[in-house]
1. Express as a percent, rounded to the nearest 5, the fraction of DSSP beta bridges in the chain (both residues included) that run antiparallel.
2. As a quick test, which of the pairs 216/248; 28/239; 23/79; 248/311 have an alpha carbon distance above 30 angstrom in this structure?
3. So how strong a dipole does the chain carry about its Cα centre when Lys and Arg Cβ are +1 and Asp and Glu Cβ are -1, to the nearest 20 debye?
4. Calculate, axis by axis, the spread of Cα positions in the chain along the three principal axes, and write the results as whole Å, longest axis first.
5. For the range 30-81, what is the Kirkwood hydrodynamic radius in Å, using each pair of distinct C-alpha atoms?
6. Roughly what % of Cα-Cα distances in the range 1-50 sit above 13 Å, to the whole percent?
7. Just the projected area, averaged over all directions, of the convex hull on the alpha carbon atoms of the range 47-109: how many nm²?
8. In square nanometres, what is the average projected area of the Cα convex hull of the range 108-252?
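The values are calculated or read from the model by the stated rules, or taken from the named source; none is laboratory data. Just so you know, these numbers come straight off a predicted model, no measurement behind them. Glycine also receives a Cβ, built like all others from the backbone with ideal geometry; neighbour counts cover every protein chain displayed. These accessible areas exclude ligands, DNA and RNA; they are computed on the full protein's heavy atoms, side chains included. Shrake-Rupley method; radii C 1.70, N 1.55, O 1.52, S 1.80 Å.
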Amino acid sequence: MNASMRYNRQVILPEIGENGQEKLAKAKVLVIGAGGLGAAVLPYLAAAGVGEIGIADHDVIEISNLQRQVIYKTTAVGKYKADEAKVRLTELNPLIKVNSIAEKLTGNNAIALFENYDIIVDATDNLAVKYLINDACSLTNKPMVYGSVFRFEGQVSVFNYQNGPTYSCLFPDENSLTANCNDAGVLGIGVGIIGMLQANEVLKIILEIGEVLSGKLLVYNILNNEQQKYDFEKNSDFKIDRITFEEKYNGSEKEHHEIEAETVLSQIDAEDVLFLDVRNNDELPKIILKNSIQIPLIQLEKEIENLDRDKTIYIFCQSGIRSKVAVEILLKNKFKKVKSINGGALVLNQLLKDELTF
(Lines give C-alpha, C1' and ligand atoms only; values in the text may rest on other atoms or scores of the structure.)
Protein backbone atom coordinates (compact mmCIF):
# COMPACT_ATOMS: atom_id res chain seq x y z
CA MET A 1 0.00 0.00 0.00
CA ASN A 2 1.44 3.33 -1.05
CA ALA A 3 1.88 5.49 2.07
CA SER A 4 3.05 8.49 0.06
CA MET A 5 -0.25 8.59 -1.80
CA ARG A 6 -2.30 8.08 1.36
CA TYR A 7 -0.78 11.10 3.13
CA ASN A 8 -0.06 13.23 0.05
CA ARG A 9 -2.50 16.06 0.86
CA GLN A 10 -0.84 16.81 4.18
CA VAL A 11 2.73 16.04 3.15
CA ILE A 12 2.58 18.76 0.47
CA LEU A 13 1.97 21.33 3.22
CA PRO A 14 5.31 23.11 3.79
CA GLU A 15 4.78 22.97 7.56
CA ILE A 16 4.57 19.17 7.46
CA GLY A 17 6.46 17.59 4.57
CA GLU A 18 8.16 14.19 4.73
CA ASN A 19 9.84 15.03 8.04
CA GLY A 20 6.52 15.85 9.63
CA GLN A 21 4.97 12.65 8.36
CA GLU A 22 7.86 10.74 9.87
CA LYS A 23 7.17 12.42 13.23
CA LEU A 24 3.56 11.29 13.00
CA ALA A 25 4.60 7.73 12.18
CA LYS A 26 6.84 7.59 15.27
CA ALA A 27 4.28 9.13 17.64
CA LYS A 28 2.36 7.14 20.25
CA VAL A 29 -0.94 8.59 21.47
CA LEU A 30 -3.23 7.18 24.17
CA VAL A 31 -6.90 8.19 24.04
CA ILE A 32 -8.77 7.70 27.32
CA GLY A 33 -12.42 7.26 26.44
CA ALA A 34 -13.94 6.00 23.19
CA GLY A 35 -17.27 7.82 23.57
CA GLY A 36 -18.41 11.01 21.87
CA LEU A 37 -15.11 12.89 22.09
CA GLY A 38 -13.01 9.80 21.38
CA ALA A 39 -15.15 8.92 18.36
CA ALA A 40 -14.10 12.24 16.81
CA VAL A 41 -10.47 12.21 17.95
CA LEU A 42 -9.59 8.65 16.97
CA PRO A 43 -10.35 8.52 13.22
CA TYR A 44 -8.52 11.78 12.52
CA LEU A 45 -5.39 10.59 14.34
CA ALA A 46 -5.53 7.30 12.48
CA ALA A 47 -6.14 8.93 9.11
CA ALA A 48 -3.23 11.33 9.65
CA GLY A 49 -0.88 8.39 10.19
CA VAL A 50 -0.14 8.54 13.93
CA GLY A 51 1.98 5.43 14.24
CA GLU A 52 0.56 3.90 17.43
CA ILE A 53 -2.80 4.66 19.02
CA GLY A 54 -4.03 3.25 22.33
CA ILE A 55 -7.76 3.20 23.11
CA ALA A 56 -8.62 2.83 26.80
CA ASP A 57 -12.31 2.34 27.62
CA HIS A 58 -14.04 -0.37 29.68
CA ASP A 59 -17.60 0.43 28.59
CA VAL A 60 -19.75 -1.41 26.07
CA ILE A 61 -21.69 0.25 23.27
CA GLU A 62 -25.30 1.12 24.08
CA ILE A 63 -28.01 2.16 21.65
CA SER A 64 -28.13 5.65 23.19
CA ASN A 65 -24.42 6.12 22.33
CA LEU A 66 -24.99 6.01 18.58
CA GLN A 67 -26.42 9.55 18.43
CA ARG A 68 -22.93 10.98 18.98
CA GLN A 69 -20.41 8.11 18.91
CA VAL A 70 -20.44 7.93 15.16
CA ILE A 71 -17.67 5.40 14.54
CA TYR A 72 -19.91 2.57 15.77
CA LYS A 73 -22.54 0.61 13.87
CA THR A 74 -25.92 -0.43 15.26
CA THR A 75 -24.78 -4.05 14.98
CA ALA A 76 -21.95 -3.28 17.44
CA VAL A 77 -24.30 -2.61 20.37
CA GLY A 78 -23.17 -4.72 23.34
CA LYS A 79 -19.53 -4.91 22.22
CA TYR A 80 -16.62 -3.24 24.00
CA LYS A 81 -16.00 0.25 22.66
CA ALA A 82 -12.22 -0.16 22.71
CA ASP A 83 -12.36 -3.38 20.70
CA GLU A 84 -14.84 -2.04 18.15
CA ALA A 85 -12.97 1.25 17.78
CA LYS A 86 -9.79 -0.72 17.04
CA VAL A 87 -11.59 -2.59 14.26
CA ARG A 88 -12.83 0.64 12.70
CA LEU A 89 -9.43 2.41 12.89
CA THR A 90 -7.62 -0.59 11.42
CA GLU A 91 -10.08 -0.63 8.53
CA LEU A 92 -9.47 3.08 8.02
CA ASN A 93 -5.67 2.81 8.11
CA PRO A 94 -4.01 -0.63 8.22
CA LEU A 95 -0.55 1.01 8.22
CA ILE A 96 -0.76 2.01 11.89
CA LYS A 97 -0.76 0.05 15.15
CA VAL A 98 -3.90 0.21 17.29
CA ASN A 99 -4.05 -1.11 20.86
CA SER A 100 -7.37 -1.94 22.51
CA ILE A 101 -7.36 -1.54 26.31
CA ALA A 102 -10.81 -2.61 27.48
CA GLU A 103 -10.23 -1.94 31.15
CA LYS A 104 -11.03 0.81 33.61
CA LEU A 105 -8.36 3.45 34.18
CA THR A 106 -7.33 3.37 37.85
CA GLY A 107 -4.50 4.45 40.09
CA ASN A 108 -3.14 0.93 39.76
CA ASN A 109 -2.69 0.92 35.99
CA ALA A 110 -2.47 4.58 34.91
CA ILE A 111 1.25 5.17 35.45
CA ALA A 112 2.41 2.01 33.69
CA LEU A 113 0.01 2.65 30.82
CA PHE A 114 0.96 6.29 30.32
CA GLU A 115 4.68 5.51 30.25
CA ASN A 116 4.14 3.68 26.93
CA TYR A 117 2.80 6.76 25.11
CA ASP A 118 3.94 10.28 24.20
CA ILE A 119 0.63 12.15 24.50
CA ILE A 120 -2.48 11.43 26.57
CA VAL A 121 -5.90 12.53 25.30
CA ASP A 122 -8.63 13.03 27.90
CA ALA A 123 -11.85 12.10 26.08
CA THR A 124 -13.78 11.28 29.25
CA ASP A 125 -16.85 12.83 30.85
CA ASN A 126 -16.01 11.91 34.44
CA LEU A 127 -14.53 14.50 36.79
CA ALA A 128 -12.67 12.05 39.03
CA VAL A 129 -11.04 10.39 36.01
CA LYS A 130 -9.89 13.76 34.68
CA TYR A 131 -8.01 14.42 37.92
CA LEU A 132 -6.53 10.93 37.77
CA ILE A 133 -5.36 11.57 34.19
CA ASN A 134 -3.94 14.94 35.21
CA ASP A 135 -2.00 13.52 38.15
CA ALA A 136 -0.69 10.55 36.18
CA CYS A 137 0.39 12.88 33.35
CA SER A 138 2.21 15.08 35.86
CA LEU A 139 4.04 12.07 37.31
CA THR A 140 5.01 10.67 33.91
CA ASN A 141 5.65 14.10 32.33
CA LYS A 142 3.14 13.59 29.51
CA PRO A 143 1.00 16.34 27.92
CA MET A 144 -2.74 15.98 28.51
CA VAL A 145 -5.03 17.10 25.70
CA TYR A 146 -8.27 18.00 27.45
CA GLY A 147 -11.79 18.21 26.11
CA SER A 148 -15.13 18.67 27.81
CA VAL A 149 -18.70 19.33 26.68
CA PHE A 150 -21.66 20.62 28.67
CA ARG A 151 -24.88 20.88 26.67
CA PHE A 152 -24.07 23.32 23.83
CA GLU A 153 -20.67 24.49 25.04
CA GLY A 154 -17.29 22.80 24.85
CA GLN A 155 -13.81 23.39 26.21
CA VAL A 156 -10.37 22.44 24.93
CA SER A 157 -6.93 22.92 26.46
CA VAL A 158 -3.52 21.24 26.75
CA PHE A 159 -2.13 20.61 30.22
CA ASN A 160 1.36 19.73 31.41
CA TYR A 161 2.87 20.67 28.05
CA GLN A 162 6.58 21.40 28.43
CA ASN A 163 6.09 21.80 32.18
CA GLY A 164 3.16 24.18 31.62
CA PRO A 165 -0.01 24.56 33.71
CA THR A 166 -1.97 21.45 34.67
CA TYR A 167 -5.66 20.64 34.92
CA SER A 168 -5.45 21.26 38.67
CA CYS A 169 -4.06 24.74 38.03
CA LEU A 170 -7.23 25.64 36.12
CA PHE A 171 -9.68 23.60 38.21
CA PRO A 172 -8.25 23.31 41.75
CA ASP A 173 -11.51 22.19 43.41
CA GLU A 174 -11.70 18.43 43.01
CA ASN A 175 -15.05 18.32 44.81
CA SER A 176 -16.85 20.59 42.36
CA LEU A 177 -20.04 19.16 40.91
CA THR A 178 -20.31 18.77 37.15
CA ALA A 179 -22.79 16.84 35.06
CA ASN A 180 -21.92 14.47 32.24
CA CYS A 181 -23.92 14.00 29.05
CA ASN A 182 -26.13 11.37 30.72
CA ASP A 183 -27.30 14.01 33.20
CA ALA A 184 -27.26 17.23 31.16
CA GLY A 185 -27.84 16.05 27.59
CA VAL A 186 -25.69 16.78 24.56
CA LEU A 187 -26.02 17.35 20.82
CA GLY A 188 -23.84 14.92 18.90
CA ILE A 189 -22.23 17.58 16.72
CA GLY A 190 -20.98 19.35 19.87
CA VAL A 191 -18.72 16.50 20.97
CA GLY A 192 -17.68 16.06 17.34
CA ILE A 193 -16.41 19.63 17.08
CA ILE A 194 -14.58 19.52 20.41
CA GLY A 195 -13.09 16.13 19.64
CA MET A 196 -11.71 17.37 16.33
CA LEU A 197 -10.21 20.39 18.09
CA GLN A 198 -8.50 17.97 20.49
CA ALA A 199 -7.15 15.96 17.55
CA ASN A 200 -5.82 19.22 16.10
CA GLU A 201 -3.89 19.92 19.32
CA VAL A 202 -2.40 16.42 19.24
CA LEU A 203 -1.16 16.88 15.67
CA LYS A 204 0.31 20.30 16.46
CA ILE A 205 2.21 18.85 19.42
CA ILE A 206 3.61 16.00 17.33
CA LEU A 207 4.48 18.20 14.35
CA GLU A 208 5.75 21.06 16.52
CA ILE A 209 3.78 23.62 14.54
CA GLY A 210 1.30 26.34 15.39
CA GLU A 211 0.35 27.55 18.86
CA VAL A 212 -0.51 24.81 21.34
CA LEU A 213 -3.32 25.61 23.80
CA SER A 214 -1.02 25.45 26.81
CA GLY A 215 -2.03 27.94 29.49
CA LYS A 216 -5.11 28.75 27.42
CA LEU A 217 -8.68 27.49 27.63
CA LEU A 218 -10.68 27.58 24.39
CA VAL A 219 -14.44 27.78 24.96
CA TYR A 220 -16.73 27.18 21.96
CA ASN A 221 -20.51 27.61 21.79
CA ILE A 222 -22.17 25.67 18.99
CA LEU A 223 -25.43 27.66 19.10
CA ASN A 224 -23.93 31.02 18.21
CA ASN A 225 -20.50 29.93 16.91
CA GLU A 226 -18.80 32.21 19.42
CA GLN A 227 -15.48 31.22 20.91
CA GLN A 228 -13.22 32.74 23.53
CA LYS A 229 -9.75 31.96 24.78
CA TYR A 230 -8.88 32.50 28.41
CA ASP A 231 -5.33 32.58 29.79
CA PHE A 232 -4.43 30.86 33.05
CA GLU A 233 -1.18 30.48 34.95
CA LYS A 234 0.75 27.58 36.39
CA ASN A 235 0.13 27.07 40.10
CA SER A 236 3.50 26.33 41.66
CA ASP A 237 1.73 24.98 44.76
CA PHE A 238 0.46 21.99 42.80
CA LYS A 239 2.90 19.14 43.27
CA ILE A 240 2.40 15.42 43.21
CA ASP A 241 4.87 12.60 43.79
CA ARG A 242 4.48 8.83 43.64
CA ILE A 243 3.74 8.50 47.34
CA THR A 244 1.04 11.17 47.22
CA PHE A 245 -0.42 9.56 44.10
CA GLU A 246 -0.58 6.13 45.74
CA GLU A 247 -2.23 7.51 48.86
CA LYS A 248 -4.74 9.47 46.82
CA TYR A 249 -5.82 6.76 44.39
CA ASN A 250 -4.84 3.44 45.91
CA GLY A 251 -5.28 4.10 49.63
CA SER A 252 -7.52 1.95 51.80
CA GLU A 253 -9.75 4.95 52.59
CA LYS A 254 -11.13 4.92 49.03
CA GLU A 255 -11.97 1.23 49.31
CA HIS A 256 -13.54 1.84 52.73
CA HIS A 257 -16.30 3.87 51.08
CA GLU A 258 -17.29 1.23 48.53
CA ILE A 259 -19.47 -1.81 49.06
CA GLU A 260 -20.63 -4.72 46.92
CA ALA A 261 -24.31 -4.87 45.99
CA GLU A 262 -24.59 -8.43 47.33
CA THR A 263 -23.51 -7.24 50.78
CA VAL A 264 -26.28 -4.65 51.14
CA LEU A 265 -29.14 -6.98 50.19
CA SER A 266 -29.49 -8.20 53.78
CA GLN A 267 -29.93 -4.60 54.97
CA ILE A 268 -32.76 -3.56 52.65
CA ASP A 269 -35.31 -3.38 55.49
CA ALA A 270 -32.97 -2.09 58.22
CA GLU A 271 -34.32 1.02 59.96
CA ASP A 272 -30.86 2.58 60.36
CA VAL A 273 -30.07 2.34 56.63
CA LEU A 274 -30.96 4.73 53.82
CA PHE A 275 -30.57 3.96 50.12
CA LEU A 276 -29.82 7.08 48.07
CA ASP A 277 -30.49 6.94 44.31
CA VAL A 278 -28.54 9.74 42.60
CA ARG A 279 -29.79 8.97 39.09
CA ASN A 280 -32.13 11.24 37.16
CA ASN A 281 -35.83 10.61 37.70
CA ASP A 282 -36.37 9.10 34.25
CA GLU A 283 -33.56 6.54 34.38
CA LEU A 284 -34.34 2.83 34.27
CA PRO A 285 -34.50 0.32 35.84
CA LYS A 286 -36.56 1.66 38.70
CA ILE A 287 -35.32 0.42 42.07
CA ILE A 288 -38.11 0.42 44.69
CA LEU A 289 -36.82 -0.08 48.23
CA LYS A 290 -38.48 0.50 51.59
CA ASN A 291 -35.85 2.89 52.92
CA SER A 292 -34.88 4.86 49.83
CA ILE A 293 -34.80 8.41 48.53
CA GLN A 294 -33.99 9.73 45.06
CA ILE A 295 -31.97 12.93 44.63
CA PRO A 296 -30.28 13.41 41.23
CA LEU A 297 -26.56 14.02 41.63
CA ILE A 298 -26.76 17.49 40.11
CA GLN A 299 -29.22 18.51 42.90
CA LEU A 300 -27.52 16.70 45.78
CA GLU A 301 -25.78 19.65 47.42
CA LYS A 302 -28.96 21.74 47.30
CA GLU A 303 -31.05 18.99 48.93
CA ILE A 304 -28.45 17.52 51.25
CA GLU A 305 -30.40 18.43 54.39
CA ASN A 306 -33.10 15.94 53.34
CA LEU A 307 -30.71 13.16 54.34
CA ASP A 308 -30.52 11.70 57.85
CA ARG A 309 -26.95 12.02 59.11
CA ASP A 310 -27.48 9.32 61.72
CA LYS A 311 -28.19 6.60 59.16
CA THR A 312 -25.80 4.53 57.09
CA ILE A 313 -26.30 5.78 53.53
CA TYR A 314 -25.77 3.40 50.63
CA ILE A 315 -25.56 5.36 47.38
CA PHE A 316 -26.20 4.02 43.90
CA CYS A 317 -26.42 5.40 40.37
CA GLN A 318 -26.71 3.50 37.10
CA SER A 319 -23.35 1.72 37.14
CA GLY A 320 -21.38 2.98 40.15
CA ILE A 321 -19.60 6.09 38.80
CA ARG A 322 -21.81 9.00 39.89
CA SER A 323 -22.33 7.36 43.28
CA LYS A 324 -18.61 7.77 44.02
CA VAL A 325 -18.88 11.49 43.32
CA ALA A 326 -21.89 11.58 45.67
CA VAL A 327 -19.82 9.91 48.40
CA GLU A 328 -17.20 12.66 48.11
CA ILE A 329 -19.91 15.33 48.35
CA LEU A 330 -21.39 13.80 51.52
CA LEU A 331 -17.98 13.31 53.12
CA LYS A 332 -17.18 16.94 52.39
CA ASN A 333 -20.40 17.87 54.18
CA LYS A 334 -19.44 15.91 57.32
CA PHE A 335 -21.49 12.77 56.72
CA LYS A 336 -19.70 9.83 58.31
CA LYS A 337 -21.45 6.60 57.28
CA VAL A 338 -21.63 6.63 53.47
CA LYS A 339 -20.76 3.99 50.88
CA SER A 340 -21.03 3.69 47.10
CA ILE A 341 -22.64 0.49 45.81
CA ASN A 342 -20.37 -1.07 43.19
CA GLY A 343 -22.19 -1.78 39.94
CA GLY A 344 -25.09 0.52 40.81
CA ALA A 345 -28.72 0.00 39.82
CA LEU A 346 -27.88 -2.45 37.06
CA VAL A 347 -26.38 -4.94 39.53
CA LEU A 348 -28.94 -4.22 42.24
CA ASN A 349 -31.82 -4.82 39.85
CA GLN A 350 -30.42 -8.17 38.74
CA LEU A 351 -29.80 -9.31 42.31
CA LEU A 352 -33.32 -8.32 43.35
CA LYS A 353 -34.74 -10.28 40.39
CA ASP A 354 -32.65 -13.33 41.31
CA GLU A 355 -33.80 -13.12 44.92
CA LEU A 356 -37.46 -13.03 43.88
CA THR A 357 -36.95 -15.94 41.49
CA PHE A 358 -35.27 -17.98 44.20
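1. Around 35 percent of the beta bridges assigned by DSSP in the chain are antiparallel ones.
2. Working: 216/248 27 Å; 28/239 26 Å; 23/79 33 Å; 248/311 27 Å.
Table pairs above 30 Å Cα-Cα are 23/79.
3. Working: 38 positive and 49 negative charges, 148 e Å.
My answer is approximately 720 debye.
4. 72, 49, 42
5. On the way: mean 1/r = 0.0886 Å⁻¹.
Hydrodynamic radius (Kirkwood, Cα only) of the range 30-81 equals 11.3 Å.
6. Values: 738 of 1225 pairs.
Here the long-distance tail beyond 13 Å is 60 percent of all Cα pairs in the range 1-50.
7. With every direction weighted equally, the projected area is 4.8 nm².
8. The directionally averaged projection comes out at 9.2 nm².
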